[in-house]
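The values are calculated or read from the model by the stated rules, or taken from the named source; none is laboratory data. In this text the structure is predicted, and so the values were computed from the model without any measurement. A quick note on method: Cβ atoms are made from the backbone with ideal geometry, for glycine too, and the neighbour counts reach across all protein chains shown.
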Amino acid sequence: MSKVIHKIIAFVILLVMASVFILTVTNENNLPLNFSFSSLADGDFFRDLENRFTLNFFRRDFWISSKAKIESQICEKVVNDVYIGDDRLLNADILSSPFYLSNADIVNQFSKQNDSAVYFVAVPTSSGVYSNILPEYLTDDTEKLCIDSLYSRLENNIRRIDAYNILKRLNENYIYFRSDTKWTSYGAYCVYRTVIQKLGFQPSPYDKYTIEHVTDNFKGNLWEKSHYMKSKPDILDIYNYNDGAELVSCTGTDNKLKSHKKELYYRNAVDSDDMYRLYLGEDMPLVQIKTSVNNERKLLVIKDSFANCFIPFLIQHYSVIDVFSPECAEKNISDFVNTEDYEQILFLFGTDSLGTENIFSTKL
């Protein structure tokens, strides 16, 4: 009798597995695979097949969220490298990388080749600012040590701006998303006040802004990894400056050096799977912002996604703001802009990007 039951259970399991496989393969979101003999030979075809199967797995969100719920109930606080805290999700990857120093060397070389004043802001992720929430085996002020080692490697002529201590002091405020590693617009504003003074301007007063809550249903990159259903969604804000300088134009340049009209705020993003695209829209290697400020001052910002909600605060101070994103550029920065055209160049990156091997690569 037991053998019959075992066979029935095995049959049911195989039936479920086969059903899930068929439903995954026939998922309407699946796109045709690009097959070629070269992709088959170098393994790209099978990697593409694996990625598509993983991303389009039948009811993938349900299985991931169920896993997170079960593991959190049995006191397992880390799910898919995400630490589940009482009030927020945090990245549980221990942040240590040999690439901080090599990336600093690339910035040093870039600075030597340009006469512009270079400023550098390394922004901690939420795990760095809320490290006290993490268990000891996951952190020992790791991000602070990474920032310190990077800053000590930078040449003396590069102006280092301390974002870590500013944010650490304000960590009881809503300066970081609960479900994402990045800061909120308010967190960006708090650092902007110091950055803009270093750049030679007085910061725009906070009470001059009208804050628009565009959505309160933002689920960030940490939620995407864990699908922890009890995590409270976040708010995406737009800061509108009253009676100040206005946006004249916003233009993007793609990797084929073609220009595209862009928007400073892409509101349709709140109806998409990537709500953070509200800020600057789809990533492009170069975005040029022209304002009504009549001072002929031009700023070049070299950045990652942390800067996307930071950029709008600069509009009150410069007539032209050019924004270069090494992460999505396939060409060198010199193919997009002449760096000698700028009196000031601002680097603004999150510590997670700065620990990546190819963040600058041959782009600078």
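General remarks:
- Within the stretch 296-310, the only residue that satisfies the criterion of being out of contact with any helix residue (DSSP H, G or I) (no Cβ under 9 Å at 6 or more places or on another chain) and at pLDDT 95 or above is 297.
- Hits in the stretch 320-364 (condition: out of contact with any strand residue (DSSP E or B) (no Cβ under 6 Å at 6 or more places or on another chain), among the acidic types (Asp, Glu) and under 20 Å from residue 264 (Cβ atoms)): 327
- Options 157, 132, 173, 103: the member that is assigned by TED's automatic domain parsing to the domain that holds residue 235 and closer than 22 Å to residue 357 by Cα: 103
Residues are listed down the side, and each one gets a yes or a no for (1) assigned by TED's automatic domain parsing to the domain that holds residue 235; (2) buried (at least 21 other Cβ atoms within 10 Å of the Cβ); (3) touching a Lys or Arg at 6+ places or on another chain (Cβ under 7 Å):
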position: 259; (1), (2), (3): yes, no, no
position: 278; (1), (2), (3): yes, yes, yes
position: 288; (1), (2), (3): yes, no, no
position: 302; (1), (2), (3): yes, yes, no
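- Top-ranked residue in the stretch 167-192 [being of a type in the set (Ser, Thr, Tyr), in contact with a strand residue (DSSP E or B) (Cβ under 6 Å, 6 or more places away or on another chain) and not in a helix (DSSP H, G or I); ranked as surrounded by the most Cβ atoms within 10 Å (Cβ to Cβ)]: 176
- Spans of strands (runs of 3 or more DSSP E) in the stretch 255-323 with at least 3 residues over 15 Å from residue 347 (Cα atoms): 259-261, 286-291
- Of all residues in the stretch 206-242, those satisfying the criterion of being surrounded by fewer than 21 Cβ atoms within 10 Å (Cβ to Cβ), touching a Lys or Arg at 6+ places or on another chain (Cβ under 7 Å) and part of a loop (DSSP other than H, G, I, E, B) are 229, 232, 233, 242.
- Candidates 195, 248 - the one that is surrounded by fewer than 16 Cβ atoms within 10 Å (Cβ to Cβ), under 15 Å from residue 315 (Cα atoms) and touching a residue at least 24 places away in the same chain (Cβ under 8 Å): 248
- Qualifying residue in the stretch 263-274 (condition: within 25 Å of residue 363 (Cβ to Cβ), assigned by TED's automatic domain parsing to the domain that holds residue 179 and basic (Lys, Arg)): no
- The residue that is surrounded by the most Cβ atoms within 10 Å (Cβ to Cβ), counting only those in the stretch 313-345 that are among the β-branched types (Val, Ile, Thr) and touching a residue at least 40 places away in the same chain (Cβ under 8 Å), is 323.
- Answer residue from the stretch 346-363, given it is surrounded by 22 or more Cβ atoms within 10 Å (Cβ to Cβ) and over 17 Å from the mean Cα position of the chain (by Cα) and is modelled with the highest pLDDT among those: 346
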